[in-house]
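Visitor: Please see the structure below; I have some questions.
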Amino acid sequence: MAIYFDVKTKTFYLESKNLTYAFCVDQAGFLNHLYFGKRIAREELGFSVHSVDRGHGAYPPDFGRDHSLSIFLNECPTYGRSDYRESMLAFDFDGVRVGDLVYDGYTVYETKPLLSGMPSVRGGETLAVSLKDVLHGARVVLYYTVFEELPVILRHAEVVNESDEAFMLDRAYSFCLDFPDKNWETVTLHGAHLRERFMERTSLSHGVFSVDSKRGVSSAQMNPFMAIVRKNTDEETGEAYGFNLVYSGDFTFKAQIEQDDSLRVLGGLNDYDFSWLLKAGEKFVTPEAVMVYSENGLGDMSRSFHDLYRTYLINPRFVNASRPIVINNWEATYMNFDTQKLCEIVDSVRGTGIDTFVLDDGWFGARNTDKAGLGDWVVNEKKVDLKKVIDYTHKNGLKFGLWFEPEMVNKDSELYRAHPDWAIHADGLEPCLGRDQLVLDLTRDEVRQYVIDSVSAILNAYEIDYVKWDMNRPLTDNYSAWLKKQGKEFHHRYVLGLYQLCEALVNGFPSVFFEGCASGGCRFDPAMLYYFPQIWTSDDTDAYMRTFIQYGTSLCYPLSAHSCHVSVCPNHQCGRVTPFASRGHVAHLGATGYELDTAKMTQEELQEVKKQVEEYKAMEALVLHGDLYRLNDPAKENLFAEMLVSKDKTNAHLTVFRPFAVPNGPAIRVYPRGLKDDATYYIPELDLTRTGATLMRVGLLVCLNWEDFASATYRFIEK
Ligand code: DGJ
């Protein structure tokens, strides 16, 4: 059992092997947060509660002057009753915006009930604490899930309208977590298309720090991830709390320091353009927030996220299985291909170990440029004999993958000509374009049904083993006529519609492997990972840029979820030239594949591909199940190094990439981590045998070619 309630002190203790989360019901029925961190004894914690009469403050009438909610560590703060900080929920009861949510009982579930309508993490003992606003008939149920072996708490909330009148929800965050001191910094993942998830560290000051997305997608500009860390926290040491939202649309995370120098962290659905009409008897469910605690730096935090997602989030059918090693034709041909060209690509990879051919954009409708065809999921038979390509691929022993962009429509398409109103728009306004395309209104049943039927028809008619699900623009013109005055529900309803599509198509074709994509990594979040075991990490395939992108992405997402391809040079995104071997080494730190014209490669080059695939196969178990140690951060030094160590620590793989050659430069010494001190490891590349302790403390001298973007790998095998 992991959840305890002490009746005398009315304190809830949530415990896993290394973690305690505690809060109590205070004398007025509010939930007083007490502690979240390293496991402590189950003792009375009331002694730690700070209450004082604050000047120019206010307090609820039954409380007394020294009990203002403005400095109360609150599990579920609301607005207008003496707490002036950010609230977790905000209501509008026919104009009245204030009320008291007070304790009204609890339930413990052996396994977490799954969230309705939204993906969420599976399993874990779960506490549901009920709060009630008696005056307005609003019930709020706060869910807390705890896992015995992981330092993780999951949180989400349900709001139920138990009155006879409708009310509005103006804010519905998933969690609020108060910390008693302000000595924290944030770590966030910002970026852009082709530069996704760069790590950024920010000192906090008094006021509100926030990150968010308003784009209708979780976005490349800001990932739904934030950590708070001590100033001295690094990869190996110091406290870190990581927060990630299982959601693919508009989100926000906030960190607020106020008058008493405490820190409030909250997050959930972005309320910037949100409100929700909750009719009598209806229930609103917030997305799930994942909270990870680490006392040993960002490295341990990441490993806990990785273990959680691999064990309890990503589709169990695929998560532990060997990933397809693809050859994707996008950068080889773009939309300029025919049956013969595709068969030539298939021919060329024979014998290399590449096992899946993925036909990307351009096989359907009038799709010869990116201005036409989206929405028309019928094969362009004038251009390509799809059956022939698939049969040829299968005959050559490869699996076949096909690209779709189910959420989109071009104006120049049969679909748009038949149903112009199916694209998201507000009447009287021409909707904004993105890559010359519009977004389908997934809030509408008939639109979703069309997508399900047309995509299913292709998946039923052809033998398709793999689908790449792309999404190439953010949302605008957020409205759907059927919503009338409830336009602020649009963004969330779009995301719920998307999840319904995924349920129908991903679960409807359970043996098909789905890879997620949104112009690369513009929608890389845990909810997408629930459906797609891997996501195309970035359209940027340049090995140097990938070291930053993959480093940041690994903060919370396991390497097996990063889809990484070797592409041609000069690189198509930035013109950089990097050695072929380095491109392979960087791509091997994820689900690897190729994206170049293998039909134009020489036999020697194809032999290199074969060698790389063999190397990848030899380390794949580490990519799928291993522990990641980030050794050197390319943003801080002229070096990127990462180490993957098997759970039993009997073998490991080290990748080193040095961006710029330095004439007469210092020695490159890398300190392995994660090995057993007293075990002896053999490193074949150096023909060296030493104990883990020696290797980790003395470090390895890395010998690299005399050129920019050089790399090397080392294997560690326990003797
Ligand atoms: C964006 C993706 O990220 C690319 O890999 C490719 O699939 C194109 N879309 C196709 O339009």
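Visitor: Using only the Cα atoms of region 238-277, build the gyration tensor, take square roots of its eigenvalues as a ≥ b ≥ c, and label the shape rounded, prolate or oblate: rounded if a/c is under 1.5, else prolate if a/b is larger than b/c, else oblate.
Guide: Details: a/c = 3.97, a/b = 1.50, b/c = 2.65.
Cα axes put region 238-277 in the oblate bin.
Visitor: Could I ask something else about it? Could you list the trypsin sites (Lys or Arg not before Pro) in region 206-241 that lie in coil according to DSSP, counting only those with at most 12 other Cβ atoms within 10 Å of their Cβ?
Guide: Here the sparse-neighbourhood loop sites are K231.
Visitor: Moving on to the next point. Relative contact order for the chain using alpha-carbon pairs under 8 Å, separation at least 6, rounded to a whole percent?
Guide: Reported relative contact order: 10 percent.
Visitor: What Kirkwood hydrodynamic radius do you get for region 84-312 when you take the inverse of the mean 1/r over all pairs of distinct Cα atoms, in Å? If you can, show how the numbers build up before the last one.
Guide: Numbers: mean 1/r = 0.0546 Å⁻¹.
Mean inverse Cα-Cα distance, inverted, gives 18.3 Å.
Visitor: Between region 154-174 and region 270-345, what's the alpha-carbon centroid distance in Å?
Guide: Taking the Cα centre of region 270-345 as reference, the centre of region 154-174 is 27 Å away.
Visitor: Further, regarding this structure: Once fully extended, how much extra length lies between R201 and K647, figured as 0.36 nm per residue of separation less the alpha-carbon to alpha-carbon distance? Intermediate values should be presented prior to the final figure.
Guide: Working: separation 446, 0.36 × 446 = 160.56 nm, distance 2.96 nm.
That works out to 157.6 nm of additional length.
Visitor: If you don't mind, another one. Could you tell me which trypsin sites (Lys or Arg not before Pro) in region 569-630 are loop residues by DSSP with no more than 13 other beta carbons within 10 angstrom of their beta carbon?
Guide: Sparse-neighbourhood loop trypsin sites (Lys or Arg not before Pro): none present.
Visitor: Cβ under 14 Å from P663's Cβ, P663 left aside: what net charge do those residues give with Lys, Arg +1 and Asp, Glu -1?
Guide: -1
Visitor: In 5 Å bins starting at 0, how do the alpha-carbon pair distances of region 632-718 split up by percent?
Guide: So the P(r) values, bin by bin, are 3, 14, 27, 24, 15, 11, 5, 1, 0.
Visitor: Taking a temperature of 10 °C and a viscosity of 1.306 mPa s, what whole-number D in µm²/s does Stokes-Einstein yield for the chain with Rh from Kirkwood over alpha carbon pairs?
Guide: The Stokes-Einstein estimate is 59 µm²/s.
Bear in mind that the values in this text are calculations on the coordinates, not laboratory data. Remember, it's a predicted structure, so these values are computed and weren't measured experimentally. Positions of Cβ are backbone-derived with ideal geometry, glycine not excepted, and every protein chain shown enters the neighbour counts.
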